[in-house]
Each structure stands twice: as C-alpha cells, then as structure tokens.
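I have placed the structure first, in the form of structure tokens, so that the comments after it can refer back to it.
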Amino acid sequence: MLTILLTSALGLIQAQTEKLFNEKDLSGWTIYGTEKWYVEDGLLICESGPDQAYGYLGTKREFKNFELTLEFKQGANGNSGVFFRSSIEGTKIAGWQAEVAPPGSNTGGIYESYGRGWLIKPDPEKDKALKFGDWNRMRIRVVDDTVTTWLNGQEMISLTDEKIGGATGIIALQIHSGGGIKVCWRNIKIQTLE
C-alpha cells in the first residue's frame, strides 16, 4: 500500500513539472526589445544586438508559486538575470530578478526593478559556486512571500518580502545593456506549487 501511495505522489510531482523551453523554437515566449534571442543546437541563446540595450524574453503565462530550474553558460560579459512575478511594457520591466552575472557581481541575489533596487545580495564567499564560462544550474523557489535561490547546489539567499508575496506575473530572462553579452540557456523547467 505504501508503495502505491509513494508512486502516486511521485506521479503528481512529475505531472506538475513542465519544460518552459522546447529546445526547438521560442514557442510560449515573447521577445521584448531589439536584442537577439534564438535557438541553436537545442540551446536558447541571447546576444547583444546593435542597440546594445536591455532585452527580455518573457513567458506568455503568469506564475505565482513555483520552483524553476535552469542551466546557463555565460560568454563575454555574461550579465543577465531571471525575472519572476513581473510585468513588461516595451523594455521596462517591473518585478524581481534573480541575478545572473560575472564573478563578484551577486549571482543569486534579488534585485527589484523600478523599485527598491537590491533587496538581498549573497554572502561574497558563496560566489565561489559560480563557474563562469561553464554550465551552471540555478534553482529559484518562490512560495507566497518567500524566495530562495541556489546555484550549483549552494543556497545563495533566502528572502521573505511582503511586496513579493502580493504579486503575480511572468518569468523573463534578461540581457543587460552595454553590448558584448552572450548567455546560453538550457533545461528550463518549472514546477508549479499550490
């Protein structure tokens, strides 16, 4: 009986996990701005365009409580991020970002765009978890007013914030302004949580 119950529970968890990126095209996503977003060899790639401006790739759906896992590899400057519970108009995004940045630049920290700025930065010692120029695995868990991030298994931050708790919105990948940036993404999966 216990085996049946465990198998049923595992089936429910697996049923709630879905790929946000199909490794073929940008179905389910919207491009914001003029920077380059494309699929090559099963990877989602963002690159600075001629405008060298901010750009975003946002989900068409909104999410409230979830656990998001993805892998990223930074080339060049590699300044990017993963926004959650956010909204976009043009290239102006309102919401919260789990930072993806070069060494020493707070990867895994939480930044509020067009709001309070940095809410929490990881302990600088944790920055050793970042493998710049190689694949990294990030996990972002958002439940009600609590956000926790992990980088390659290392917990980076845990934050409880009432304003985050009251929001819902899309998930969006960012490419930073300034030019010379390239980031590859893969295995983007989300598990919705009640």
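The values are calculated or read from the model by the stated rules, or taken from the named source; none is laboratory data. Just so it is clear, the model here is predicted, and its values are computed rather than measured. Here Cβ is always computed from backbone atoms with ideal geometry, including for glycine, and neighbour counts include all displayed protein chains. Side chains are part of the model used for accessible areas, which takes the heavy atoms of the whole protein and leaves out ligands, DNA and RNA. Shrake-Rupley method; radii C 1.70, N 1.55, O 1.52, S 1.80 Å.
For the stretch 110-157, compute Rg over Rh where Rg is the Cα radius of gyration and Rh is the Kirkwood radius from the inverse mean 1/r over Cα pairs.
Details: Rg = 11.9 Å, Rh = 11.9 Å.
On the Cα set of the stretch 110-157, Rg over Rh gives 1.00.
Keeping all protein chains in the complex and leaving out DNA, RNA and ligands, what accessible area do you get for Tyr54 with a 1.4 Å probe, in Å² to the nearest 10? Counting only protein heavy atoms, Tyr54 exposes about 90 Å² to solvent. For the stretch 25-118, the Kirkwood radius over C-alpha pairs fed into Stokes-Einstein at 4 °C and 1.567 mPa s yields D = 91 µm² per second. Please check: in the Gaussian network model of the chain (C-alpha springs, under 10 Å), which one of Trp29, Trp118, Trp37 has the largest mean-square fluctuation. Top of the fluctuation ranking is Trp118. Using only side-chain charges placed at the Cβ, +1 for Lys and Arg and -1 for Asp and Glu, the dipole size of the chain relative to its Cα centre rounds to 140 debye.
Of the residues Tyr111, Val183, Ser158, the one whose Cα sits farthest toward the positive end of the charge dipole of the stretch 94-194, with +1 on the Cβ of Lys and Arg and -1 on the Cβ of Asp and Glu, is Val183.
Can you give the FRET efficiency to the nearest 0.05 for Ser177 and Leu43, using r as the Cβ-Cβ distance and R₀ = 25 Å?
On the way: r = 23 Å, r/R0 = 0.90.
For Ser177 and Leu43, the calculated efficiency is 0.65.
Could you state the number of Å between the C-alpha centres of the stretch 131-145 and the stretch 19-64? Here the two parts' Cα centres lie 17 Å apart.
Heavy-atom accessible area, probed at 1.4 angstrom with all protein chains present, ranks Lys24, Lys64, Lys121 as Lys24, Lys121, Lys64, highest first. Rounded to the nearest 10 degrees, the angle from helix 2-16 to the longest Cα principal axis of the chain is 30 degrees.
Relative to its residue count, the stretch 119-187 spans a Cα convex hull of 133 Å³ per residue.
Over all orientations, the chain has a Cα convex hull whose mean projected area works out to 11.6 square nanometres.
Given 10 °C and 1.306 mPa s, compute D for the stretch 17-78 with the Stokes-Einstein relation, Rh being the Kirkwood radius over Cα pairs; round to the nearest whole µm²/s. Provide the component values of the computation, followed by the final result.
Details: Rh = 13.1 Å.
Estimated via Stokes-Einstein, D reaches 121 µm²/s.
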